[in-house]
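Below is one structure; the comments refer to it alone.
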Amino acid sequence: MDAYRAALELQLREVEAVGLLEGCETAYVGGGTPTMLGTGLGELVGHICDAAPVTELTCEANPDSLSDEVIDAVRAAGATRLSVGVQSLDDGELGLLGRIHTASMARERVQAAVSSGLSVSCDLMCAIPGQTRTSWNRTLSEAVSLGAGHVSVYPLMIEEGTALAARVGDDTPAWNDEDVEADRMVQAQRVLEAAGFSRYEVASYAGQGEECRHNIAYWTGRTYLGLGTSAASMLSVEAYLKLQEVCPQLPPIPDGCLRVRLACTSPSLAIGLEPELKNMSFDLEFLTLKQALAEDLMLGARLSFGLSEALVASSRRSIGQDVEITLGRLIDDGFLDESLAPTQRGWLLGNELYGRLWELGGTGNVRSASC
């Protein structure tokens, strides 16, 4: 882990040197359990703050590895938020999920994080084994009472190849049925809004001023850079050309490309052994203007603000009348309201809403590459 952390710190210096971190406002350390680094996580946070002018920096955390020392280290180094993987506040449910923390440990660690002065988000999971409407209501209410200013709510996805998938077999279990998922998400909305939280994204609720700016950036077409195994990036052509300066293995940009998506495919062990960016492997996607605009419409529909007038106008100019036709049908079918914000039906049947907007990008496949 120390070698991996040192590799990320080296890569930060590399991308800083080519100007990729200029104007960077937010950062997120996660996609795993960075608190397993112990106080070393504070060192990584410090390197991020030295390399980029961030004003919001979030660290993911699991209750079992979120010690007081880690909280103090990341706060002193410049972190502003902690996103704690509580998942449930019911010991039976945590056991069925295979989590090693207990409900009492989660409560105590969230309270410690709140007491430190950091903004705290509780990540909760619904449609999980053993969960009932009563236990879900209790988890939601307790998360609020612990002082968290932000709550993320995710239905459990049973991933192929996991122990849980092997246990449940091929059939969808009753506790993970789509109707159960919808019921749990509606229940979360009622409990959290009654507690003064506002839904700003399909899975995210926040108290006043507690929205995660980094989260919003994902859904509003902002360029972002990911470092580390499985980390995703979404780059403009200009940013991609800068990255090529330290990643000469990256392929040239094809004609007509407006946006590049990358995912680092190098495993963590390889990154620790050969940390320079020139040694990294990537999967890439090259989006045309129409595909990028369709993607922005699709992602923007995840937000309570609705689709911006500027985005819709730009899409109309570049894609044509199909934009007007599709938006009109989505309003008629009850997925969007007149302000082009998602309705309750749009929240609950998001995949259909997003899919119909993505289709505006055309029938051609997204060009891809690997290196």
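The values are calculated or read from the model by the stated rules, or taken from the named source; none is laboratory data. The structure displayed is predicted, hence computed values, not measured ones. Cβ placement follows ideal geometry from the backbone for every residue including glycine, while neighbour counts extend to all protein chains displayed.
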* What helices (runs of 4 or more DSSP H), lying completely within the range 293-371, carry at least 3 residues that are of a type in the set (A, V, I, L, M, F, W, C)? -> 309-319, 322-332, 350-358
* Of all residues making up the range 89-118, the number that are under 15 Å from Val144 (Cβ atoms) and buried (at least 22 other Cβ atoms within 10 Å of the Cβ) -> 4
* Asked: Any residue at all in the range 211-225 that is over 20 Å from the mean Cα position of the chain (by Cα), outside the structural domain of Trp347 (by TED's automatic domain parsing) and of a type in the set (A, V, I, L, M, F, W, C)?
  -> no
* For residues that are buried (at least 16 other Cβ atoms within 10 Å of the Cβ) and of a type in the set (Gly, Ala, Ser), scanning just the range 119-142, find the one that is nearest to Glu159 (Cα to Cα). => Ala127
* Structure fact -> Of (1) without any contact (Cβ under 8 Å) to a residue 12 or more places away in the chain; (2) surrounded by fewer than 16 Cβ atoms within 10 Å (Cβ to Cβ); (3) touching a strand residue (DSSP E or B) at 6+ places or on another chain (Cβ under 8 Å), Thr343 fails just (2)
* Boolean, Tyr224 is surrounded by 16 or more Cβ atoms within 10 Å (Cβ to Cβ), over 30 Å from Leu118 (Cβ atoms) and of a type in the set (Ser, Thr, Tyr) -> no
* Only residues that are of a type in the set (S, T, N, Q), assigned by TED's automatic domain parsing to the domain that holds Ala79 and buried (at least 18 other Cβ atoms within 10 Å of the Cβ): list them for the range 8-57, please. => Thr26, Thr35
* Qualifying position, being over 29 Å from Thr55 (Cα atoms) and among the charged types (D, E, K, R), among Asp296, Asp255 -> Asp255
* Asked: Tell me, which residue of the range 242-291 that is free of Cβ contacts under 8 Å to residues at least 60 places away in the same chain and within 20 Å of the chain's Cα centre (by Cα) is surrounded by the most Cβ atoms within 10 Å (Cβ to Cβ)?
  -> Val260
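Let's see how each residue does on (1) of a type in the set (Val, Ile, Thr); (2) without any contact (Cβ under 8 Å) to a residue 24 or more places away in the chain; (3) out of contact with any Ser or Thr (no Cβ under 6 Å at 6 or more places or on another chain); (4) within 27 Å of Ala239 (Cα to Cα):
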{"position": "Glu9", "(1), (2), (3), (4)": "no, no, yes, yes"}
{"position": "Cys24", "(1), (2), (3), (4)": "no, no, yes, yes"}
{"position": "Thr39", "(1), (2), (3), (4)": "yes, no, yes, no"}
{"position": "Gly46", "(1), (2), (3), (4)": "no, no, yes, yes"}
{"position": "Glu56", "(1), (2), (3), (4)": "no, no, no, yes"}
{"position": "Ile71", "(1), (2), (3), (4)": "yes, no, no, no"}
{"position": "Ala76", "(1), (2), (3), (4)": "no, no, yes, no"}
* Structure fact -> When the range 58-88 is checked residue by residue, the ones that are buried (at least 24 other Cβ atoms within 10 Å of the Cβ) and touching a Pro at 6+ places or on another chain (Cβ under 8 Å) are Cys59, Ala61, Val84, Val86
* To do: Determine which single condition Leu41 fails, assuming it passes every other condition in (1) in contact with a His (Cβ under 9 Å, 6 or more places away or on another chain); (2) part of a helix (DSSP H, G or I).
  => (1)
* Report, ordered by the first and then the second residue, all pairs with beta carbons closer than 9 Å, sequence separation of six or more or different chains, a first member in the range 107-126 that is among the basic types (Lys, Arg), and a second member that is part of a loop (DSSP other than H, G, I, E, B) and surrounded by fewer than 22 Cβ atoms within 10 Å (Cβ to Cβ). => Arg107/Leu146; Arg109/Ser67; Arg109/His101
* **Count - residues of the range 321-340 that are surrounded by 12 or more Cβ atoms within 10 Å (Cβ to Cβ) and either charged (D, E, K, R) or within 18 Å of Glu309 (Cβ to Cβ) (or both)** => 12
